Every structure is written in structure tokens, then in C-alpha cells.
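Asks: Below is a structure I'd like to ask you about.
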Amino acid sequence: MKKSTIIWLILCLLSVHLNAKPLLITDHIKAESIKQANADIKNGKLKLLIQGGIVATRVKGQERFERKYGVVYFDLGCVGPSDIRIEDYNKVVASFMDKKYGKAWRKEVRKDVRGI
């Protein structure tokens, strides 16, 4: 009787464990990325994040785009941050810019901006 109770208890614990949905680190990073993007928008510090290389890349005409739309390209270099996902951050900024400027800005944005 004791042995069957222990087996039953182990099976119940396994069942609960297998049905539980673990909180993934990526879920936390996505939430943090969205939170940071919204905070930057609220503070008027609009950025589009770029994963660059060892040396920052400037594209002809990007300064004109930055002035026109009030946004700066923020090059993170070759090693991006571990607490922000570029795609999720840029998606929030792009949505804000769509509401403010329409979709026309998308034709002028740098092609290396991910997530828009």
C-alpha cells in the first residue's frame, strides 16, 4: 500500500510538472524591450536600434531622415545588449511612427533596421 501511494504521488507531481508552462527568459526580454521602447517614446527620445559591426555605419541621407522624423539611429555595435531584443523594441517604435507619420517613412528608413 505504501509503495503504491508513493508511485501515485510521483505520477501526480510529474503530471503537474509536465502541464506547467514555464516562464521563459525570452518572454521577460520581450516585455522589457517593449517597456523600454514605450519609456523612450514617452520621454521624447525616439530611437531605431541597429545591430552594427565593429565600426558604426553611416548611410548617406540618414541625418535628413533623423531630422525629418525626430528619431535617431542607435548603433549597438557588434555585441548587442542582452536585456533588449532589437526586433521587439523597433516594432514598438515603428508602430508609434506609423500612427504619427503614416507609412511613408518606411520607404525612407535604413534597410538594416530590424523588426519594422
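Asks: Once amide H atoms are placed 1.01 Å from N in the peptide plane, what residues at a sequence separation of 5 or more from TYR73, or on another chain, have their amide H within under 5 Å of its amide H?
Replies: LEU48
Asks: Counting only other residues whose beta carbon sits under 9 Å from that of PHE65, what net charge do I get with K and R as +1, D and E as -1?
Replies: Once positives and negatives cancel, what remains is +1.
Asks: Could you give me the ³J(HN,Hα) list for the stretch 70-80, computed from phi with Karplus coefficients 6.51, -1.76, 1.60 and θ = phi - 60°, whole Hz, x at Gly and Pro?
Replies: The phi angles translate into x, 10, 10, 7, 10, 7, 8, x, 7, 10, x Hz.
Asks: What is the calculated FRET efficiency for LEU76 to LYS45, with r their C-beta to C-beta distance and R₀ = 25 Å, to the nearest 0.05?
Replies: That pair, LEU76 with LYS45, gives E of 0.95.
Asks: Let me ask something else. Per residue of the stretch 37-54, in order, report the coupling 6.51 cos²θ - 1.76 cosθ + 1.60 (Karplus, θ = phi - 60°) as ³J(HN,Hα) in whole Hz, putting x for Gly and Pro.
Replies: 4, 5, 5, 5, 5, 4, 7, x, 10, 6, 9, 10, 7, 10, 8, x, x, 5
Asks: Take each of the peptides 27-40, 57-70, average the number of other beta-carbon atoms within 10 Å over its residues, and list them starting from the highest.
Replies: 27-40, 57-70
Asks: Convert each backbone phi in the stretch 99-116 into a coupling constant with the Karplus relation 6.51 cos²θ - 1.76 cosθ + 1.60 (shift: θ = phi - 60°), then list the ³J(HN,Hα) values in order as whole Hz, x for Gly and Pro.
Replies: Per residue, the Karplus-derived 3J(HN,Hα) values read 5, 7, 10, x, 9, 4, 4, 5, 6, 9, 5, 4, 6, 8, 7, 8, x, 9 Hz.
Bear in mind that the values in this text are calculations on the coordinates, not laboratory data. For clarity, every value in this text was computed on a predicted model and none was experimentally measured. Cβ coordinates were reconstructed from backbone atoms using ideal geometry, including for glycine residues, and neighbour counts include every protein chain displayed.
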